[in-house]
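Asks: I'd like to ask some things about the structure below.
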Amino acid sequence: MSEKELTTAEQVASEPSEVPVQAEVPAAVDFNSRDHKRSRGAYLIECAFEYFVALLVSGQFLVAVLQDIGMDDATVGIMASLISLAFVFQLFSIFVVQRISNTKVFSIIFHFASQMFFMALYFVPFLPAVEGSKYRHVLAVVCIMAAYFGNYLVTSIIYKWGNSFVEPHHRGRYCATKEMISLISGMVVTLIIGFAMDSFKAADNLHGGFIFAACGIAIFSVCDLICLLSIKNEKRSKEQVRREIVPLREVMRNTLGNKKFLSVLLLAVILEVGKGVSVGFLGTYRQNATELALLVGEVTVIETIGQLARFAISRPFGKFSDKHSYAKGIELALIIITAAFVVYAFTVPGHRIMVWAMSILYSVLYHGSQAGLGQNMHSILYSYVDSKYFVQASAIKSSVGGLCHFGAALLAGQLLTYIQKNGNMLFGIHIYGQQVLATISILFMVAAIVITHFVVSKQKRMVQ
C-alpha cells in the first residue's frame with residue numbers, strides 16, 4: 001500500500017461522514033494486464049480444487065471414515081468440529097508472513113503437504129484394529145491436525161495473494177463467481193464420490209470406497225498445485241523483507257487495539273459458537289438407523305440441493321455486499337441461518353417424506369446463508385483493518401473463533417451424550433439431543449444479528 005493510500009485509510013476514523021472512504025488504487029496497477037487476468041482465473045480454479053479436497057474430508061465422508069475405525073457419535077461430532085480448533089494454526093502466520101520473500105514457494109509447500117495428509121486419513125481404516133487400543137483414533141487425529149496445520153498456516157496468505165489481482169470495488173462479485181464455480185463443480189464431485197461410496201458399501205467393500213476417495217484427493221491436489229504455479233508470484237529481496245518487518249507491538253495495536261476489529265472478532269466468536277454447538281453433530285443424526293436413518297447417497301442428494309441454492313444466490317449476495325457493505329451482507333445471511341436452525345430443531349424421525357422435506361429445507365437455508373457468511377466474514381476485514389495487517393487480523397479472527405467453536409463442540413458433545421444415555425429425555429420431555437443443540441444455536445444466531453445490526457454495520461468503513 002502506498003503512503004497516499006495509507007494516509008487515506010488512517011483518516012477514516014476521523015472522517016465525520018458515514019460514507020465509506022475509498023482508498024485509491026495506485027496508477028501503476030493494471031488489473032486488465034495479462035498477468036492479472038491469468039492470476040485471477042487461476043485462483044478461481046484453484047479454489048475449486050481446494051474445495052473438492054475439503055468436501056472429501058468433511059460431512060458424511062468424514063463420518064464414514066471415523067465410524068469405520070470405531071468412534072462413537074459424540075466423538076465423531078467433536079472430530080467434525082476439530083477443523084475449528086485447527087484454525088488456531090493461523091496464528092503462526094502472524095510471525096511468518098512478514099518474513100516471506102517468495103509467496104508462491106512458501107504457500108505451495110505447506111498447501112500441498114496438507115492435502116497429502118488429508119489423503120493419508122483414508123488409509124487409517126486399513127490398519128489392523130487392536131482390541132482395547134485406540135491408536136487408529138490417534139493416527140486419524142494426527143492426520144487431520146497435520147493437514148490443517150499446513151492448510152491454515154497459508155490460508156490467509158493465499159487469500160490475500162489471490163485477491164490482490166482483483167479490483168477492490170468488484171471483490172464481492174469476484175468472490176461470488178469464485179464460489180459459484182466451486183459449488184457447481186463440487187456438486188458433481190460430491191455426487192460421484194457419494195454414490196461410489198454407497199456402491200462400495202452395498203457390495204460390503206467400504207474400504208474400496210476409501211481408496212477411490214483417496215485417489216480423488218491425489219488428483220485434485222495435483223490440479224490445485226498447477227493452478228497455484230500459474231498465479232503471478234510475489235517476491236521480495238531479503239533487504240526488503242528486513243526493511244518492511246513491523247514490530248509485533250504495532251501489529252497488535254492495529255488489530256486487537258482496533259475497536260472496529262474487536263467488534264468483528266466478537267461477531268466471529270458468537271457465530272462460531274452458535275455453529276459449533278450443533279452443526280458437527282448433524283451428520284450422525286442424519287445417518288444413524290435409530291434417528292433420521294438417511295443413507296450416504298441420500299444425504300449427498302440433500303446436500304447437493306442445498307449447494308444449488310447457495311449457487312443461485314451467491315452472485316446476488318456478492319452484488320448486495322458490494323453495494324451496501326459486507327456487514328449488511330452478513331446480517332442478511334445471519335437471518336437465513338437462524339431460520340435454518342429453527343428447521344433443524346423441529347426435524348425428528350418419522351414419515352420418510354417429512355424427514356426428507358425438513359432435511360432439504362434445512363440444507364437450502366443453511367447453505368444459502370453461507371453464500372453471505374463465507375466470503376463476507378473474510379472480506380469484512382478490508383472495511384475495518386488496514387490491508388497491511390490483513391493476514392494477521394484474519395489469523396487472529398479465525399483462530400479465536402475456531403477455539404470457541406471447538407470449545408462449544410466439546411460442551412455440546414457432553415450434553416448430547418447425557419441426553420442419549422437418558423433415553424433421549426431432558427427435563428422429563430422426550431427430545432433428541434441434536435434438537436436441543438439446534439435450539440441453543442438459534443439463541444447465538446439472534447445475538448449475532450443484534451451485534452451486526454447495532455454495532456458492526458454502524459461503524460465507518462474503508463474500501464481498499
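Asks: Go through Leu410, Leu416 for me and flag whichever is surrounded by fewer than 20 Cβ atoms within 10 Å (Cβ to Cβ) and more than 27 Å from Lys178 (Cβ to Cβ).
Replies: Result of the check over Leu410, Leu416: Leu410.
Asks: Only one of these conditions is not met by Cys227: (1) in contact with a helix residue (DSSP H, G or I) (Cβ under 8 Å, 6 or more places away or on another chain); (2) modelled with pLDDT of 90 or more; (3) open to solvent by 60 Å² or more (accessible area, probe 1.4 Å). Which number is it?
Replies: (3)
Asks: Report yes if Gly194 is of a type in the set (Gly, Ala, Ser), within 17 Å of Asp68 (Cα to Cα), open to solvent by 10 Å² or more (accessible area, probe 1.4 Å) and not in a loop (DSSP other than H, G, I, E, B), otherwise no. Walk me through how you get there before you give the answer.
Replies: Numbers: of a type in the set (Gly, Ala, Ser): yes; within 17 Å of Asp68 (Cα to Cα): yes; open to solvent by 10 Å² or more (accessible area, probe 1.4 Å): no; not in a loop (DSSP other than H, G, I, E, B): yes.
No: the conditions fail for Gly194.
Asks: One residue is enough: does the range 115-126 have a residue meeting the conditions hydroxyl-bearing (Ser, Thr, Tyr), assigned to a loop (DSSP other than H, G, I, E, B) and at pLDDT 90 or above?
Replies: For the range 115-126, residues hydroxyl-bearing (Ser, Thr, Tyr), assigned to a loop (DSSP other than H, G, I, E, B) and at pLDDT 90 or above: present.
Asks: Looking only at the range 246-272, how many residues end up being of a type in the set (Lys, Arg) and under 16 Å from the mean Cα position of the chain (by Cα)?
Replies: Of the residues in the range 246-272, 0 are of a type in the set (Lys, Arg) and under 16 Å from the mean Cα position of the chain (by Cα).
Asks: Another question about this same structure. So which residues in the range 430-464 are in contact with a strand residue (DSSP E or B) (Cβ under 9 Å, 6 or more places away or on another chain) and either of a type outside the set (D, E, K, R) or surrounded by 23 or more Cβ atoms within 10 Å (Cβ to Cβ) (or both)?
Replies: Answer for the range 430-464, where residues must be in contact with a strand residue (DSSP E or B) (Cβ under 9 Å, 6 or more places away or on another chain) and either of a type outside the set (D, E, K, R) or surrounded by 23 or more Cβ atoms within 10 Å (Cβ to Cβ) (or both): Ile431, Gly433, Val436, Met462, Val463, Gln464.
Asks: Hey, can you tell me all the residues within the range 208-224 that are in contact (Cβ under 8 Å) with a residue 24 or more places away in the chain and open to solvent by 60 Å² or more (accessible area, probe 1.4 Å)?
Replies: Ile211
Asks: Suppose the filter is in contact with a Ser or Thr (Cβ under 8 Å, 6 or more places away or on another chain) and either open to solvent by 50 Å² or more (accessible area, probe 1.4 Å) or at pLDDT 90 or above (or both); does Glu10 pass it? Lay out the reasoning, then the answer.
Replies: Details: in contact with a Ser or Thr (Cβ under 8 Å, 6 or more places away or on another chain): no; either open to solvent by 50 Å² or more (accessible area, probe 1.4 Å) or at pLDDT 90 or above (or both): yes.
Spelling it out, it is not the case that Glu10 is in contact with a Ser or Thr (Cβ under 8 Å, 6 or more places away or on another chain) and either open to solvent by 50 Å² or more (accessible area, probe 1.4 Å) or at pLDDT 90 or above (or both).
Asks: Of all residues in the range 273-308, count the ones that are within 17 Å of the chain's Cα centre (by Cα) and either at pLDDT 85 or above or acidic (Asp, Glu) (or both).
Replies: The qualifying residues number 9.
Asks: Taking the range 230-255, which residues are outside any helix (DSSP H, G or I) and in contact with a helix residue (DSSP H, G or I) (Cβ under 7 Å, 6 or more places away or on another chain)? Steps first, please.
Replies: Narrowing the range 230-255 to residues outside any helix (DSSP H, G or I): 231-237, 245-247, 254-255.
Selection gives Ile231, Lys232, Asn233, Glu234, Ile245, Val246, Asn254, Thr255.
Asks: While we're looking at this one, here's another question. If I filter the range 367-407 down to residues being part of a loop (DSSP other than H, G, I, E, B) and of a type in the set (A, V, I, L, M, F, W, C), which single residue comes out as nearest to Gly59 (Cα to Cα)? Explain how you work it out, then say what you get.
Replies: Keep residues of the range 367-407 that are part of a loop (DSSP other than H, G, I, E, B), which gives 374-375, 380, 385-386.
Now narrow it down to the ones that are of a type in the set (A, V, I, L, M, F, W, C): 380, 385.
Working: Ile380: 27, Val385: 33 Å.
Applying the filter and picking the extreme gives Ile380.
Here is a yes/no grid of residues against (1) small (Gly, Ala, Ser); (2) assigned to a helix (DSSP H, G or I); (3) touching a residue at least 24 places away in the same chain (Cβ under 8 Å); (4) touching a Gly at 6+ places or on another chain (Cβ under 8 Å):
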| position | (1), (2), (3), (4) |
| --- | --- |
| Phe89 | no, yes, yes, no |
| Lys104 | no, yes, yes, no |
| Ser107 | yes, yes, yes, no |
| His111 | no, yes, yes, yes |
| Tyr148 | no, yes, yes, no |
| Tyr152 | no, yes, yes, no |
| Lys160 | no, yes, yes, no |
| Ala176 | yes, yes, yes, yes |
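Asks: Could you list, in sequence order, all residues of the range 342-361 that are closer than 21 Å to Ile442 by Cβ and either open to solvent by 10 Å² or more (accessible area, probe 1.4 Å) or part of a loop (DSSP other than H, G, I, E, B) (or both)?
Replies: Passing the criteria: Val342, Val343, Ala345, Phe346, Thr347, Val348, Pro349, Met354, Ala357, Met358, Ile360, Leu361.
Asks: If we keep just the residues of the range 91-102 that are outside any helix (DSSP H, G or I) and either at pLDDT below 85 or open to solvent by 30 Å² or more (accessible area, probe 1.4 Å) (or both), which is farthest from Val53 (Cα to Cα)?
Replies: At the first step, the residues of the range 91-102 found to be outside any helix (DSSP H, G or I) are 100-102.
Those still in the list that are either at pLDDT below 85 or open to solvent by 30 Å² or more (accessible area, probe 1.4 Å) (or both) too: 101-102.
Values: Ser101: 28, Asn102: 25 Å.
Among them, the one singled out is Ser101.
Asks: For the range 134-163, what are the residues that are open to solvent by 50 Å² or more (accessible area, probe 1.4 Å) and among the hydroxyl-bearing types (Ser, Thr, Tyr)?
Replies: Answer for the range 134-163, where residues must be open to solvent by 50 Å² or more (accessible area, probe 1.4 Å) and among the hydroxyl-bearing types (Ser, Thr, Tyr): just Tyr135.
Asks: Next up: Do we find a residue being of a type in the set (A, V, I, L, M, F, W, C), open to solvent by 10 Å² or more (accessible area, probe 1.4 Å), in contact (Cβ under 8 Å) with a residue 60 or more places away in the chain and at negative phi anywhere in the range 323-330?
Replies: No, the range 323-330 contains no residue that is of a type in the set (A, V, I, L, M, F, W, C), open to solvent by 10 Å² or more (accessible area, probe 1.4 Å), in contact (Cβ under 8 Å) with a residue 60 or more places away in the chain and at negative phi.
Asks: Only one residue in Val348, Val364, Val343 is without any contact (Cβ under 8 Å) to a residue 60 or more places away in the chain and within 18 Å of Gln434 (Cβ to Cβ). Which one?
Replies: Going through Val348, Val364, Val343 in turn, just one is without any contact (Cβ under 8 Å) to a residue 60 or more places away in the chain and within 18 Å of Gln434 (Cβ to Cβ): Val343.
The values are calculated or read from the model by the stated rules, or taken from the named source; none is laboratory data. Keep in mind the model is a prediction, meaning the values are calculated, not measured. Glycine gets a Cβ as well: all are built from the backbone with ideal geometry, and neighbour counts include every protein chain shown. Accessible surface is based on the protein model in full, side chains and every heavy atom, while ligands, DNA and RNA are left aside. Shrake-Rupley method; radii C 1.70, N 1.55, O 1.52, S 1.80 Å.
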